[in-house]
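Let me begin by presenting the structure, written as structure tokens, before commenting on it.
Nothing in this text is a laboratory measurement; each read-out follows from the coordinates by a stated rule. Because the structure is predicted, anything quoted here is derived from the model rather than measured. FYI the Cβ positions are ideal-geometry reconstructions off the backbone, even for glycines, and counts take in every protein chain you see.
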Ligand code: PRT
Ligand code: ZN
């Protein structure tokens, strides 16, 4: 890999702010930047637009030198990358939530219950730490509907405003992670590409 590349989410909750971050470094891109790859107009850098779930693998494998991803995804995937910088956007919490009318009153009442989540690794680690024996039900999305369909007694999902939980008559009983977007760096990134980033970020270049 020679080209200096950064992988960001193509569309979704981190897409716009990731582009804003790159713009804040002084970088400019052509308006058709929604292709798979966009070349920077004023610096030797390419942006790779991909799904957020794929970003850790691309960066871990060295296809991209850097990436922008939520800590929630990074920690769930136990990815071997370097966290270069916390970015202060994409703030959200990974919580355990139960139906408002549930008989579960506190964390220890989750013993023997079923919890649906797309974050099975983070949830299992939390349950082990809390010494709670609960069944983790891995799902890909829409965890909030699992209790009403009797797939689970509780969920473990991301929340920001709390509106989605409320709309589904759920309430949070524990926060297992406070997450934000982070800049990750490949362990295989060529030295000169890391230097390019450092120069860029330090705004030592006149763009
Ligand atoms: O298509 P792709 O795979 O790239 O995207 P995605 O659908 O997997 O991810 P996306 O775009 O939904 O989220 C990307 C990242 O944004 C997440 O991994 C988090 O790091 C971060 N983030 C910040 C959030 C939220 N805020 C958030 N609110 N991710 C998801 N949500 C969900 C929440 O679970 C709820 O369903 O948004 C909904 C609204 O939340 P409330 O609490 O404001 O109602
Ligand atoms: Zn995703």
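Relative contact order for the range 36-100: 21 percent, from Cα pairs under 8 Å spaced at least 6 residues apart, divided by residue count. At q = 0.13 Å⁻¹, what is the log10 ratio I(q)/I(0) for the range 122-177, with the Debye formula run over Cα points and no solvent? Here the Debye-derived log intensity ratios amount to -0.33. Projected onto its three principal axes, the C-alpha set of the range 39-102 covers 56, 23, 20 Å, listed from the longest axis down.
Compute the label zone of residue 15 within the range 50-81: residues whose backbone N is under 14 Å from the point 7 Å along Cα-to-Cβ. Hits in the range 50-81 for residue 15 at 14 Å: 50-53. The angle between the Cα long axis of helix 191-201 and the main principal axis of the chain comes to about 80°, on a 0 to 90 degree scale. Two numbers describe the Cα atoms of the range 61-136: Rg and Dmax, which are 15.8, 49 Å.
Remark: spin-label model distance residue 149-residue 89 equals 3.3 nm, labels positioned 7 Å along the Cα→Cβ axis. If you bin all the Cα-Cα distances of the range 97-207 at 5 Å, starting from zero, the percentages per bin are 2, 11, 19, 18, 13, 6, 5, 7, 8, 7, 4, 1, 0. Helix 120-129 axis versus longest C-alpha principal axis of the chain: approximately 60°, rounded to the nearest ten. Determine the percent antiparallel among the DSSP beta bridges restricted to the chain, to the nearest 5. In the chain, DSSP labels about 65 percent of beta bridges as antiparallel.
I need the per residue convex hull volume for the range 1-117, using only the alpha carbons, in cubic angstrom as a whole number.
Values: hull volume 16.4 nm³, N = 117.
Once divided by residue count, the hull of the range 1-117 is 140 Å³.
Overall form of the range 94-154: oblate. Here a/c, set by the Cα gyration tensor axes a ≥ b ≥ c, is 1.5 or more, and a/b is not larger than b/c.
For the chain, the longest principal axis of the C-alpha atoms and the axis of helix 15-24 are separated by about 40°.
Ordering 195, 60 from the fewest to the most neighbouring beta carbons within 10 Å gives 195, 60. Dividing the Cα radius of gyration of the chain by 2.2 N^0.38 Å, with N the residue count, gives 1.17. The calculated Kirkwood hydrodynamic radius for the range 152-201 is 14.7 Å, given to one decimal from all distinct C-alpha pairs.
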